[in-house]
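Written below as structure tokens is the structure these notes are about.
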Amino acid sequence: MREYSWLKVSWNSNYAPHYLPCSAHDETTLLILGCPSYFNDDCVEEVMSTHGQVVNISSQEKPSQIPKFHPPNPSQFFKDTSTSTKFRVVYVNFNSNEVLKSVLSSISVMAKPVFVSELKQKPLVGLKRWVSEVQYPDEASLRRECEQYMNEFNEREKLKIQHEKEMAENPDEDGWIMVTKSSKYCASEEQAVERKRQYDEKMNKKKKEILHLYSFQDREKRKQSIAELKQKFQEDKDKIAKMKAARVFKPY
């Protein structure tokens with residue numbers, strides 16, 4: 001049975017606090033349920049870092065067996081807003097189990113709620129938040145960030161294809177070759193020609209299947225082919241007979 005400590009959070013003293021159940025998810029991770037949108041990840045980190053080093057924070061819509069800790073998003077324009085306006089689940093990963101125990105013990109004896117409006121990293125709310133979300137971005141900065149992201153993405157893809165090419169060309173200890181998604185791009189010229197021939201055969205076969213949809217069409221086609229062969233055979237036979245009749249014996 002999981003034991004919970006209750007973290008009291010409010011915007012300021014004029015509002016009733018939210019009671020957030022907190023418990024240990026594993027040896028170094030704190031689970032916080034029902035975090036309101038105004039108590040964002042920056043506020044969580046500021047509150048929790050007073051007890052020890054916070055390694056990572058993850059916000060999710062629902063609890064999971066394995067929390068998904070993502071690297072920090074450096075983007076100025078493309079933020080993850082999936083949980084920005086909802087009650088969410090937060091996983092806080094500390095550097096040691098002692099820090100986690102200290103946090104849980106301090107939460108259990110906490111009398112005064114955490115007032116988010118008094119924190120250094122308090123979030124924008126109301127009109128200020130709306131203005132920050134709908135303002136038109138700087139075109140030069142946006143272009144620069146997009147180009148930087150695409151350059152990094154292309155470099156990662158280049159390294160990935162190079163690694164898969166090496167795996168496809170070099171067998172492992174048992175003599176097996178790893179077949180990867182990009183193996184077809186690493187093929188030699190002979191392999192490319194062979195694949196083109198196989199593709200053409202496959203397409204021709206598909207066309208034949210489309211032309212002869214019913215079995216009686218195949219029967220009629222075979223009958224017609226046999227009749228044409230018989231006619232050709234008879235024409236060749238008559239031609240040979242005429243050549244024999246027209247032949248004149250000239251010994252010298």
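Please identify the pairs in which a residue from region 48-61 that is over 14 Å from Ile32 (Cβ atoms) and among the charged types (D, E, K, R) has its Cβ atom under 8 Å from the Cβ atom of a residue that is at pLDDT 85 or above and in a strand (DSSP E or B), counting only partners at least 6 apart or on another chain.
The qualifying pairs do not exist here.
Tell me, please, whether a residue that is aromatic (Phe, Trp, Tyr), farther than 15 Å from Glu45 by Cα and open to solvent by 60 Å² or more (accessible area, probe 1.4 Å) can be found in region 141-153.
Yes, some residue in region 141-153 is aromatic (Phe, Trp, Tyr), farther than 15 Å from Glu45 by Cα and open to solvent by 60 Å² or more (accessible area, probe 1.4 Å).
Only one residue in Asn170, Asn204 is open to solvent by less than 100 Å² (accessible area, probe 1.4 Å) and either hydroxyl-bearing (Ser, Thr, Tyr) or at pLDDT below 70 (or both), so which one is that?
Result: Asn170 is the single residue among Asn170, Asn204 that is open to solvent by less than 100 Å² (accessible area, probe 1.4 Å) and either hydroxyl-bearing (Ser, Thr, Tyr) or at pLDDT below 70 (or both).
Please count how many residues of region 135-159 are without any contact (Cβ under 8 Å) to a residue 40 or more places away in the chain, within 26 Å of Leu124 (Cα to Cα) and either in contact with a Lys or Arg (Cβ under 8 Å, 6 or more places away or on another chain) or of a type in the set (Asp, Glu) (or both).
Count: 2.
Restrict the check to region 77-90 and report whether at least one residue is open to solvent by less than 50 Å² (accessible area, probe 1.4 Å), touching a Lys or Arg at 6+ places or on another chain (Cβ under 8 Å) and of a type outside the set (S, T, N, Q).
yes
So Lys184 ticks every box in (1) of a type outside the set (Val, Ile, Thr); (2) at pLDDT 85 or above; (3) surrounded by 11 or more Cβ atoms within 10 Å (Cβ to Cβ); (4) farther than 27 Å from Ser58 by Cβ but one. Which box is left unticked?
Unmet condition: (2).
Against the definition (farther than 18 Å from Leu119 by Cβ and outside any loop (DSSP other than H, G, I, E, B)), how does Ser64 come out, yes or no?
It is false that Ser64 is farther than 18 Å from Leu119 by Cβ and outside any loop (DSSP other than H, G, I, E, B).
Looking at Glu157 and the list (1) open to solvent by 90 Å² or more (accessible area, probe 1.4 Å); (2) at pLDDT 75 or above, which single condition is not satisfied?
(1)
Please work out which residue is most open to solvent (accessible area, probe 1.4 Å), limiting yourself to region 1-52 and to residues that are within 17 Å of Ser105 (Cα to Cα), in contact with a helix residue (DSSP H, G or I) (Cβ under 7 Å, 6 or more places away or on another chain) and not in a strand (DSSP E or B).
For region 1-52, the residue satisfying everything is Glu27.
Residue pairs, Cβ under 9 Å, 6 or more apart or interchain, first in region 97-114 and over 19 Å from Val55 (Cβ atoms) and open to solvent by 20 Å² or more (accessible area, probe 1.4 Å), second assigned to a helix (DSSP H, G or I) and among the hydroxyl-bearing types (Ser, Thr, Tyr). List them.
Final answer for the pair search is none.
The values are calculated or read from the model by the stated rules, or taken from the named source; none is laboratory data. Please read all numbers here as calculations on a predicted model, not as lab measurements. Glycine also receives a Cβ, built like all others from the backbone with ideal geometry; neighbour counts cover every protein chain displayed. Keep in mind that these areas ignore ligands, DNA and RNA; they rest on the heavy atoms of the full protein, side chains included. Shrake-Rupley method; radii C 1.70, N 1.55, O 1.52, S 1.80 Å.
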